[in-house]
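The values are calculated or read from the model by the stated rules, or taken from the named source; none is laboratory data. Nothing here was measured: the structure is a model prediction, and the numbers come from that model. Here Cβ is always computed from backbone atoms with ideal geometry, including for glycine, and neighbour counts include all displayed protein chains. Each accessible area value is taken on the protein alone, full model and side chains, heavy atoms only, with ligands, DNA and RNA left out. Shrake-Rupley method; radii C 1.70, N 1.55, O 1.52, S 1.80 Å.
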Amino acid sequence: MENVEKYYGAFHALKAVNLTVRTGERIVLCGPSGSGKSTLIRCINQLEQVRSGRIVVDGIELTAGPKNVEAVRRNVGMVFQQFNLFPHMTVLENCTLAPMKVSGIAKAKAEETARKYLARVRIPEQAHKYPAQLSGGQQQRVAIARALCMNPRIMLFDEPTSSLDPEMVKEVLDTMIELANEGMTMLCVTHEMGFARQVADRVIFMDQGEIVEMGEPGTFFDNPREARSKAFLSQISH
Amino acid sequence: MENVEKYYGAFHALKAVNLTVRTGERIVLCGPSGSGKSTLIRCINQLEQVRSGRIVVDGIELTAGPKNVEAVRRNVGMVFQQFNLFPHMTVLENCTLAPMKVSGIAKAKAEETARKYLARVRIPEQAHKYPAQLSGGQQQRVAIARALCMNPRIMLFDEPTSSLDPEMVKEVLDTMIELANEGMTMLCVTHEMGFARQVADRVIFMDQGEIVEMGEPGTFFDNPREARSKAFLSQISH
Amino acid sequence: MIRPFGIQEFWFIILAVQWTIALSAAAFAGGAVGGLVVALARVSKYRLLCLPALGFIRLFQGTPLLMQLFLTYFGLQIIGFGVSPWVAAALALTVHAAAFLGEIWRGCIQAVPEGQSEASWALGLSYFDRMKSVILPQAARIALAPTVGFLVQLIKGTSLASIIGFVELMRAAQIMNNATYSPLKVYGLVTIIYFCLCWPLSVYARRMEGHYAALATR
Amino acid sequence: LTLKEIKDKGTITVGSLVDYPPFGLLDSNGQAVGYDPDLAKEFADSIGVKLTILPVTSANRIQYLLSGQADVLFATLGITEERLKVVNFSVPYAGLEQFVYGDKDIAITDKAGLAGQTIGVTRGTTQDTAVTAIAAADTNVQRYDDDASSAQALISGQVPLLGVADVAIGQIEKTAPDRFTKKFLLRQQAQGIVVRKDSPELLAAVNDFLNGKKKDGSLGKLHEQWMKAPLPDFIENAEK
Amino acid sequence: MQYQLLFAPVFANMDHLLTGAWITIQLSFVAMILGLIVGVVLAFAKTGGPPPLRWLIDAYIELVRNTPFLAQIYFIYFALPEFGIRMTPNTAAIVALVVNVGAFATEIIRAGIESIAKGQVEAGVALGLNRLQIFRYIILKQAVRTIYPALTSQFVYLMLSTSVVSVISATDLAAAGNDIQQRTFTAFEVYLVITGMYLVMSLGFSGLFRLIQRLAFNYPLSR
Ligand SMILES: Nc1ncnc2c1ncn2[C@@H]1O[C@H](COP(=O)(O)OP(=O)(O)OP(=O)(O)O)[C@@H](O)[C@H]1O
Ligand SMILES: Nc1ncnc2c1ncn2[C@@H]1O[C@H](COP(=O)(O)OP(=O)(O)OP(=O)(O)O)[C@@H](O)[C@H]1O
Ligand SMILES: [Mg+2]
Ligand SMILES: [Mg+2]
């Protein structure tokens, strides 16, 4: 990601952002509300178009044309704050839709894969329920399984636990930790500092559309360099 | 509150709940989602009708007839999780509506009172804005001021901070702490343990419609008696 | 005896617009009052109010306006309350409007979040104050667009009053068509007139809808 | 209402068509004029009451009378058996000749030719009754709400044939000259003024009025004025 | 004057009325299905098609929504033949109904599509689905569920508006009623009976729609 600039109308949402993520790296993004964290990761799979700059994912230049966008989306899985499960489909159907329609995989095969990932996020028994019948934590784990079914090489998480009840945060974080331990490349917006300390290779702190600070979690949390980072950290651990 | 039983259809939401609150007492209610916390405090001002049992507020028996309900509602202020400000009225109008319509206070007098309470929740300068123009924390403080304008003898809070961004939780809690210090009788559903420790006279833990444990915050947090309380406490402070 | 479609015929049709407008206005005014009552009855928790309101809505939304007009005009005469076509048309359209507006407004009242009612209750407001100061002003904002939309439907609906011989725009057109045998000119003109009456309202309704959506997503 | 009640009230409400020139139409002031309204005016004068014209629709004419909205109908109603069952007719005061009429190229001379054809009529008129009576099983009869619609159906080619009265034929010829011809005569239809069965004195008064006007020739003059033709013989001589 | 209600002639012609009612049901049903298809296609085109297409659709919707159905049906039956398009009355009635309900359905379905949370589309995009797939598999069913009440009342309204198609000599229930009342001169009674029949049909349609709703949209909504 080189020199990426993003505007919403006149609003400058990302300012000359540069970021390189290596395969297998696990990155946590944090920063105050409105700092551009979501915008940044949404640019990676082109949910938002950038004004200028280059984004290269897995050797493919996203910003070069619509063909590339297709290819990149297949390799990038995304998990949203609001889960965004499809309420009119069962858990299994949620997981098999994209493999069947996008990759053209046969139904039986797609279901097999789906069950495998549902087992991995520990809810194999919920396959035939509808999203609304699950708790928030279960829903978010389905969302993770759904993304995994496309065999992505990178996973993006946008505040995956912040609309969950406190009791459910842990089960989702555990799933994410497992995933991290298996070597998945991950970019994760979250304020869960415990998680960041445990798995992140790097923590990135953003404010007002800029990357303000970047570093190992230990260093960042205990010894932030910038004034803005300090202010932020003191606020969220009041 | 004696032997209160509440059903939603066939669902038994409150099971033989007994609770006495003394004037000036500050109580924090906690417990897992769906345990009946909201139901309990909503019964106190008759937002929900109970099946059986007696509720006596300030010497008036609520469960005895509609006349009493009117009287009790005037003495009980309530603050909701979703603020529930009236979006089509300015902050000042929100605060003066009930005093003018219910207590028949003249406009000038009502506005004076409203300004006093708005000053007390530290947002005197926002009086002429509309709720949508305020941050969540400011809105919740307006909601508190609005309830105070009716000079209630008891204040009920239903998770007043749980739909706020982390940065705004503190300003609302501070307002509540001040209120507590002034001697207001308060019943508060919240998971903010810091707040509970600081101001609560008693913490009540509910599960599945029952009061499971009740005690001083110190004792309750550091040394819960019941297994269910322990499990809950370990979960929310993971 | 046939005559060409000339300036005189043109004016005859144009002038009939006043009756279309008068009929729409009368029906809308009456329907608004009735609709409010029906809507409030419909959201009431008392079955004794709720069920008759529901029955009223089902009956008048479930039968053609054409028949309602006819039965009102001749039915009133038969039971001994003979009224002019104008009164009968206004009455039938009023009832029709009350049923539709009642249903539209019920939805709008119910679209006001439950928390608003709860907050009013917690503040001790009476039913009357709660409705007047809190619920209805908010419902009204939601209701504006669909209400104007219904007004368009009502204006078009007045064209059916021609069945009882009331001379509004559509009936005037029929009369002129029978006199001139120029249906394309006559009905073309009438269509343009209806369009001119309704289109500004439709545009306004959509603008309001967008306005409300913008407010709601804030 | 009985005749006496009408006289006491001082006004008579007459149902007339206003969309059927030259029998009934609206003048430039929106007043009902034509053969029917003019005759009604003279009748009201003759019994010494004021006249109110109630414009009626051709489809629901009789309902206006039966339900009591109108006291009497001067509404170009053909005298038929069916109608006589529910209302009373005066002596004939006008007559129409009804034809099967249609595209020049269609060669039909009698009712046998209607087999397999599509023919339009105006719903509920006496042509409707006549055409329905002679139509073959496979004749497709299409009924429109008023004469202008039937005529338009013919002119726009939706139907090749029409059962229609001479008055309307005149109008069609002006709009679309030389496209259509009369095929054969359906029947000669006499029109009467209509009152309810429960008002015999009113009927008698109408008959007296009409017979008087026939005798002194003034009915013929009024007819001449509006129809540009004398009263047909079969009406002039009809006794009822 | 005492008006005697005479229902005997009406009931003597009940078969005629029932035939008319059956045709009304058929007309409504066919028009409904076709109108729904028109609505779905146009709503899809309108929420993402090229601007000229959207303008065209807008023009169509505005024209239909702001003119009386009576005028539309006159135009289709009497004026289109001048351009060489000739239809039987019942076909013309269906076409007019489809044109009419198609415009309303487009607007309703569009509103439904716009009411779907943006996150649903984003989730689809993130999974790599294309625009048509997102519409077909994710949006459509949810959209129709949200606007189902509006859509069904529009259809009932459509069924009731078929009562004016008799002006072009279509043979629906209202036309059958007209024929009978012209022969028996019991207009009031006939209209009373057919009004009752319309009521039964609209309640029946509403019931049918509720049944379809229960069968087709049985997935639970969020708690
Ligand atoms: N679609 C949009 N149109 C206009 N402005 C937008 C849009 N989306 C985001 N913004 C603005 O861009 C800025 C960055 O938004 P972004 O969602 O990336 O913040 P964030 O760091 O994810 O915040 P949060 O923690 O609240 O999710 C914010 O100021 C926001 O108001
Ligand atoms: N209106 C209602 N109808 C039916 N069931 C209800 C209703 N309101 C609440 N319940 C049920 O009653 C139980 C208690 O609900 P309550 O809202 O009191 O829980 P709570 O402890 O406040 O939970 P939370 O922390 O999620 O707010 C829940 O299981 C809930 O599903
Ligand atoms: Mg964000
Ligand atoms: Mg609660």
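Kindly identify the stretch C:64-218 as rounded, prolate or oblate by the Cα gyration tensor criterion: order the square roots of the eigenvalues as a ≥ b ≥ c, call it rounded if a/c is under 1.5, otherwise compare a/b with b/c, prolate if a/b is larger, else oblate.
On the way: a/c = 4.70, a/b = 1.74, b/c = 2.70.
Here the stretch C:64-218 falls in the oblate category.
Label positions at residue D:138 and residue D:228, each projected 7 Å from the Cα along the C-beta direction, are separated by 4.2 nm.
Placing a label point 7 Å from Cα along the Cα-to-Cβ direction at residue A:12 gives distances to the equivalent points in the other copies of 6.4 nm, listed shortest first.
Determine the percent antiparallel among the DSSP beta bridges restricted to the stretch B:123-231, to the nearest 5.
Details: 5 of 10 bridges.
Here the antiparallel bridges make up roughly 50 percent for the stretch B:123-231.
Taking label positions 7 Å along the Cα-Cβ direction at both residue D:47 and residue D:7, the computed distance is 1.0 nm, reported to one decimal.
So if we plug the beta-carbon distance of residue E:211 and residue A:178 into 1/(1 + (r/R0)^6) with R0 = 60 Å, what FRET efficiency do we get, rounded to 0.05? The calculated FRET efficiency here is 0.85. The angle between the Cα long axis of helix E:173-184 and the longest principal axis of the Cα atoms of chain E comes to about 10 degrees, rounded to the nearest 10.
Surface listing: D:182, D:214 arranged by accessible area from highest to lowest gives D:182, D:214, probe 1.4 Å.
Sorted shortest first, the separations between the residue A:132 label point and its copies elsewhere in the assembly read 2.7 nm; each point sits 7 Å from Cα along the Cα-to-Cβ line. Between copies, the label points at residue B:51 (set 7 angstrom from Cα along Cα-to-Cβ) are spaced 6.2 nm, reported in nanometres from shortest to longest. Using a 10 angstrom cutoff on alpha carbons, build the Gaussian network for chain C and name the most mobile of C:79, C:192, C:57. Judging by the Gaussian network model, the answer is C:79.
Taking the accessible area of the stretch B:160-217, probe 1.4 Å, and keeping the other protein chains in place, the carbon and sulfur fraction comes to 43%.
One chain, two ends: residue C:211 and residue C:47. Fully extended at 0.36 nm per residue, the span grows by 55.5 nm beyond their Cα-Cα distance. Relative to the longest principal axis of the Cα atoms of chain E, the long axis of helix E:89-115 makes an angle of roughly 40 degrees.
Counting protein heavy atoms only, the stretch D:59-148 has 48 percent of its accessible area on carbon and sulfur, 1.4 angstrom probe.
Using the Kirkwood formula on the Cα atoms of chain E, what hydrodynamic radius do you get, in angstrom to one decimal?
Numbers: mean 1/r = 0.0513 Å⁻¹.
By the Kirkwood definition, the hydrodynamic radius is 19.5 Å.
What does the C-alpha gyration tensor say about the overall shape of the protein assembly as shown? Classify as rounded when a/c is under 1.5, otherwise prolate if a/b is larger than b/c, or oblate. Prolate.
Looking only at the stretch D:65-173, where both bridge partners belong to it, what percent of the DSSP beta bridges are antiparallel (to the nearest 5)?
Working: 5 of 12 bridges.
Taking every DSSP beta bridge with both residues in the stretch D:65-173, the antiparallel ones total about 40 percent.
Shape class for chain B: oblate, because the ratio a/c of the largest to smallest gyration tensor axis (alpha-carbon atoms, square roots of eigenvalues) is 1.5 or more and b/c is at least a/b.
Counting DSSP beta bridges in chain B, what percent are antiparallel, to the nearest 5?
Values: 13 of 30 bridges.
The answer is about 45 percent antiparallel.
Name the GluC sites (Glu not before Pro) in the stretch B:162-238 that are in a loop by DSSP and that have at most 11 other C-beta atoms within 10 Å, would you? Within the stretch B:162-238, the qualifying GluC sites (Glu not before Pro) (loop, at most 11 other Cβ atoms within 10 Å) are B:182. The residue in chain A that lies nearest, by its beta carbon, to the axis linking chain A with chain B is given here with the distance in whole angstrom as A:163, 5. Largest mean-square fluctuation among B:30, B:43, B:95, in a Gaussian network model of chain B whose springs join Cα atoms under 10 Å apart, belongs to B:43. For the stretch E:15-111, trypsin sites (Lys or Arg not before Pro) meeting the loop criterion (DSSP other than H, G, I, E, B) and having at most 14 other Cβ atoms within 10 Å: E:86. Here the calculated FRET efficiency for residue D:115 and residue D:85, from their Cβ-Cβ distance with R0 = 25 Å, stands at 0.25, rounded to the nearest 0.05.
Calculate the FRET efficiency for residue A:108 and residue E:218 from the Cβ-Cβ distance with a Förster distance of 30 Å, rounded to the nearest 0.05. Show your work: numbers first, answer last.
Numbers: r = 25 Å, r/R0 = 0.83.
Taking R0 as 30 Å, the efficiency between residue A:108 and residue E:218 is 0.75.
Length gained on full extension, residue A:49 to residue A:71, computed as 0.36 nm times the residue gap minus the Cα-Cα distance: 6.3 nm.
Modelled label positions at residue C:114 and residue D:174, each set 7 Å beyond Cα in the direction of Cβ, lie 7.0 nm from each other.
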